[in-house]
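Remarks on the structure that follows.
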Amino acid sequence: MARNSQDAPYEKILSISHEEWKEHKLSYQGRSDILIYNDTVNAAWHKLGFRGGIDRASAKKTKLPLGHYFPRIWRGIYETDTYNSYNIVNARETYSTTYIGANVAASSIFEALELLFRYVEPSSENRSAFGHKIREVLILTCTEVETAWRSVLEANSTKKKNWYTTQDYSALLEPMRLKEWSVTLKDYPDFGLSSPFCSWDRLCPTKSLSWYDAYNAVKHHREERFKLATLGNLIDAAAALHIMQSAQFGPEMYNFLFGNQRSPFYTVKHPVYDLSEIYIPDFISDSPTNAVQYFG
């Protein structure tokens with residue numbers, strides 16, 4: 001059991017064993033509500049009772065053992081309205097230079113995007129504007145998205161391949177819940193929402209991502225498909241990069257109160273995980289967090 005404290009966030013403050021509960025349980029004889037819930041729930045309820053109690057009906061068993069998490073797959077709490085954040089995996093500490101490298105690469109791309117905005121206004125009228133510099137940044141952005149896809153996939157798989165396709169990468173749709181993310185440009189909200197993964201279909205993994213399909217076209221067939229190097233496709237690709245960063249390390253990374261990383265986007269929508277899916281630290285173990293692979 002834990003509390004959110006300014007001095008020691010999520011520190012352990014209360015604990016009770018099943019053996020202790022057996023003794024306390026005797027004092028509740030005759031109460032029918034004790035029979036409704038299991039001993040674990042009742043023990044927590046008893047221990048917290050003098051602090052206002054807990055709703056035993058809402059108690060759920062975690063799907064992962066305490067302290068376990070899927071590497072580079074965020075499962076926490078982030079409330080954009082209250083700036084409340086809960087994430088037991090300290091990305092900078094856990095992933096070290098990998099985390100720094102990913103942020104440096106993303107920041108460089110975001111800077112290139114914002115530089116383009118000095119010449120082409122990100123408005124709905126200019127969504128179809130295309131050009132060589134837009135093509136260059138689109139290619140760079142999509143290759144970085146591919147790097148993120150591959151890194152997360154390999155971190156969660158025992159078997160690795162020399163070459164991956166979008167069919168392989170689409171396996172990340174479910175664990176990262178990519179269809180549920182939406183962002184908007186901070187300084188240009190009138191451009192509208194970008195949900196770059198909402199149409200991703202595992203049966204048609206490349207064509208269903210229009211911005212990624214455009215990247216493939218202008219990368220390999222510039223002379224015939226140059227007009228697909230549009231500002232709209234670039235912004236969607238950059239939005240996908242922002243989302244991949246957030247879905248790996250937590251959306252709070254782009255909040256000035258937490259990670260304070262630079263991005264031209266603001267996260268509008270993200271997955272809201274059930275309490276049973278959120279990573280819970282192991283306060284007793286010497287290793288409070290342990291990585292386990294999603295795909296085995």
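Kindly indicate which of V218, V183 is in contact with a helix residue (DSSP H, G or I) (Cβ under 6 Å, 6 or more places away or on another chain), buried (at least 17 other Cβ atoms within 10 Å of the Cβ) and in a strand (DSSP E or B). Explain how you work it out, then say what you get.
Working: V218 fails: in a strand (DSSP E or B).
Unique residue meeting the criteria: V183.
Candidates F191, F197: the one that is among the aromatic types (F, W, Y), in contact with a Pro (Cβ under 8 Å, 6 or more places away or on another chain) and under 24 Å from P271 (Cα atoms) is F191.
Can you find a residue in segment 110-132 that is outside any helix (DSSP H, G or I), in the same structural domain as K207 (by TED's automatic domain parsing) and aliphatic (A, V, I, L, M)?
From segment 110-132, those outside any helix (DSSP H, G or I) are 117-123, 127-131; that's our starting set.
Adding the requirement that they be in the same structural domain as K207 (by TED's automatic domain parsing) leaves 117-123, 127-131.
If we keep only those that are aliphatic (A, V, I, L, M) as well, we get 120, 129.
Yes, that holds for at least one residue.
One residue stands out among those in segment 104-118 that are within 19 Å of N233 (Cβ to Cβ) and among the hydrophobic types (A, V, I, L, M, F, W, C): the one that is surrounded by the most Cβ atoms within 10 Å (Cβ to Cβ), which is L113.
Annotation note: of S208, S246, S263, the sole residue that is within 16 Å of the chain's Cα centre (by Cα), buried (at least 17 other Cβ atoms within 10 Å of the Cβ), of a type in the set (S, T, N, Q) and assigned to a loop (DSSP other than H, G, I, E, B) is S263.
Within the option set R92, R135, being more than 27 Å from A229 (Cβ to Cβ), in a helix (DSSP H, G or I) and out of contact with any strand residue (DSSP E or B) (no Cβ under 9 Å at 6 or more places or on another chain) holds for one residue only, R92.
For V292, are the conditions met, namely being out of contact with any Asp or Glu (no Cβ under 7 Å at 6 or more places or on another chain), exposed (fewer than 15 other Cβ atoms within 10 Å of the Cβ) and farther than 24 Å from R150 by Cβ?
Details: out of contact with any Asp or Glu (no Cβ under 7 Å at 6 or more places or on another chain): yes; exposed (fewer than 15 other Cβ atoms within 10 Å of the Cβ): yes; farther than 24 Å from R150 by Cβ: no.
No; evaluated as a whole, the condition is false for this residue.
Quick check on segment 221-243: of everything there that is outside any helix (DSSP H, G or I) and not β-branched (V, I, T), which residue is surrounded by the fewest Cβ atoms within 10 Å (Cβ to Cβ)?
Step by step, filter segment 221-243, then rank; the result is H221.
The values are calculated or read from the model by the stated rules, or taken from the named source; none is laboratory data. Quantities reported herein were computed from a predicted structural model and do not represent experimental measurements. A quick note on method: Cβ atoms are made from the backbone with ideal geometry, for glycine too, and the neighbour counts reach across all protein chains shown.
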